[in-house]
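As structure tokens, the structure follows; a few thoughts come after it.
The values are calculated or read from the model by the stated rules, or taken from the named source; none is laboratory data. Because the structure is a prediction, the values reported are computed rather than measured. We place every Cβ from the backbone using ideal geometry, glycine too, and count neighbours over all the protein chains shown. The area values use the complete protein model at the heavy-atom level, side chains included, leaving out ligands, DNA and RNA. Shrake-Rupley method; radii C 1.70, N 1.55, O 1.52, S 1.80 Å.
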Amino acid sequence: MPLEFELCPGRRVGGAQPCFIIAEIGQNHQGDLAVAKQMIRMVKECGADCAKFQKSELEHKFNKKALERPYTSKHSWGKTYGEHKRHLEFSHDQYRELQKYAKEIGIYFTASGMDEMAVEFLHELDVPFFKVGSGDTNNFPYLEKTAKKGRPMVISSGMQSMDTMHKVYQLVKPINPNFCLLQCTSAYPLQPEDVNLRVITAYQSAFPDIPIGYSGHETGIAISVAAVAMGAKVLERHVTLDKTWKGNDHQASLEPNELAELVRTIRLVERAMGSPVKQLLPCEMACNEKLGKSVVAKVTIPEGTVLTLDMLTVKVGEPKGYLPEEIFDLVGKKVKINIEEDETITEDAIENHVKKVKC
């Protein structure tokens, strides 16, 4: 069974634990603190486990030329990329306010630290776990420093190779065993043929002692539900209040009704996964009593007859008798009473009957 660990206070992931559902608000709040709070409440009401943002210290994430680059996209919030990002970036005090609000309404709160200084701030903020975005998964100095903080980690794997993910595992595991990997493809929105859910199975095989999850950027909920059915123990999906809003992520995000349906469906699928033990269940007894078949006499069988297969058939019988799968076991047995044609073969009709014990 995959390792379980406490991702948030009182909430474990992995093994038989329910899937931990992260609602990625990211920067879909449009730089508006009131909208961000509205989204946190929406996430809580839809049943997700965690509201997550993205925190950057822009001069540490981007170089000067990148921040000065003209940004003329229809999604832009400024003339340069730096102006655009500053519009969307909350201050430290605003993050403290959002964290306080999340605590008040009762939902876990964290953020992806998009650079090493952002991780330092989030560590100071005392978030329950660090989310490593795909863009930093192969940033090994960042990974090492983040792992050494000792907080649980959720690491996405978009844009990476299996060779890189083995290196990530080998780097993080000795420092901080409490982490999981998420299958992810970094495209917005993500086309179904590029999802590659089978990577979940490959990760489960390659890294059997950590939980595996899925971070999805596709439209709709079906693929994410399938990921959970395949054993994803952490699920991350971007969320929005309106897919038509300005911003690259909105189109690949779930609106409130979709998020609520995703959570409901995941919990339904988890219930349906049930037990690996196949057996007759109590809920099946009524159907079994009505339609379950028994071995019956195909012909009249006199007392003392040694049974042959051509004397027997299978029908819905009254009363119940030998199960159909026991018909071959009856061959060669002697009957100790007369059995009429079409009569159920019951245990008291067979000489030296030994009841089988089913395991």
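Calculate the FRET efficiency for K148 and V277 from the Cβ-Cβ distance with a Förster distance of 45 Å, rounded to the nearest 0.05. Efficiency computed from Cβ-Cβ geometry: 0.55. For N138 and R11, a Förster radius of 35 Å and the Cβ-Cβ distance give a FRET efficiency of 0.75, rounded to the nearest 0.05. Couplings 3J(HN,Hα) of region 41-55, computed from phi: 5, 4, 4, 4, 5, 7, x, 5, 8, 8, 9, 10, 10, 10, 10 Hz, in residue order, whole Hz [Karplus 6.51 cos²θ - 1.76 cosθ + 1.60, θ = phi - 60°; x for Gly and Pro]. Gyration tensor over the Cα atoms of region 1-131: the corresponding equivalent ellipsoid has semi-axes (square roots of 5 times the eigenvalues, largest first) of 29, 17, 13 Å.
Working from Cα pairs under 8 Å separated by at least six residues, relative contact order for the chain is 14 percent. In terms of its Cα atoms, region 85-124 spans 28, 22, 14 Å along the principal axes, sorted from long to short. Backbone geometry of region 319-331 corresponds, through the Karplus equation with coefficients 6.51, -1.76 and 1.60 at θ = phi - 60°, to 3J(HN,Hα) couplings of x, 5, x, 5, 5, x, 6, 9, 4, 5, 5, 7, 4 Hz, x marking Gly and Pro.
Per-peptide packing, taken as the mean over residues of other Cβ atoms within 10 Å, places 95-108, 251-264 in the sequence 251-264, 95-108 from highest down.
Report summary: the helix-based calculation at 222 nm, which adds -39500 (n - 2.57) for every DSSP H run with n ≥ 4 and divides by the residues of the chain, gives -9500 deg cm²/dmol. Taking amide H positions as modeled 1.01 Å from N, with prolines and chain starts lacking one, the residues under 5 Å from S112 and 5 or more places away or on another chain are F53, Q54, K55. The convex hull built on the alpha-carbon positions of region 86-229 has an orientation-averaged projected area of 9.5 nm². Calculated FRET efficiency, D194 to T265, Cβ-Cβ distance, R0 = 22 Å: about 0.50 to the nearest 0.05. For region 210-359, the solvent-accessible area works out to 57 Å² per residue, with a probe of 1.4 Å and every protein chain left in place. Peptides 151-157, 241-247 ranked from most to least packed, by the mean per-residue count of other Cβ atoms within 10 Å: 151-157, 241-247.
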